[in-house]
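First up is the structure itself, then whatever we jot down about it.
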Amino acid sequence: MTKAKESDYRVVYTTEEGAVCPECKRPQAKCGCAEARKMAVKGDGNVRVRRETNGRGGKTVTTIMGLALNQVELQAILKELKRVCGAGGAMKDGTLEIQGDHCDLVLRELDRRGIKAKRAGG
């Protein structure tokens, strides 16, 4: 039977520092992983605007995918698009969703901001 070394164990929680981040193994109070995730760009730059009804109980939603922006910038654009469209919306995994069929309005607003977007779907 081999003897375990101290380096074979990792700290999960300690009363000195509190909980430990699973990604960087630093105390959560000193961890910067959440901020780094917020600033990470998710989109590929090919912006697509489309109208969807699948899986939404028959409700129509305008989705905007592929914006090469970080989470903070996406939230700002979503807020402005919701205001322009006069509708509610949400952000899910880097995809913006605006309630209702507002494809033309969203395309015009993105063009006004200098973002090249294409209409996808039917």
Limited to region 72-85, what total is found for residues that are farther than 16 Å from Cys103 by Cβ and touching a strand residue (DSSP E or B) at 6+ places or on another chain (Cβ under 8 Å)?
2
Residues of region 49-68 being in a loop (DSSP other than H, G, I, E, B) and not β-branched (Val, Ile, Thr), which ones?
Asn54, Gly55, Arg56, Gly57, Gly58, Lys59, Gly66, Leu67, Ala68
Asp111 - would you say it is part of a helix (DSSP H, G or I), in the same structural domain as Val47 (by TED's automatic domain parsing), modelled with pLDDT of 90 or more and under 16 Å from Asn46 (Cα atoms)?
yes
For the subset of region 66-104 comprising residues that are touching a residue at least 40 places away in the same chain (Cβ under 8 Å) and surrounded by 14 or more Cβ atoms within 10 Å (Cβ to Cβ), which member is nearest to Asn46 (Cα to Cα)?
Leu67
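The values are calculated or read from the model by the stated rules, or taken from the named source; none is laboratory data. Given the structure is predicted, the values throughout are model-derived calculations rather than measurements. A quick note on method: Cβ atoms are made from the backbone with ideal geometry, for glycine too, and the neighbour counts reach across all protein chains shown.
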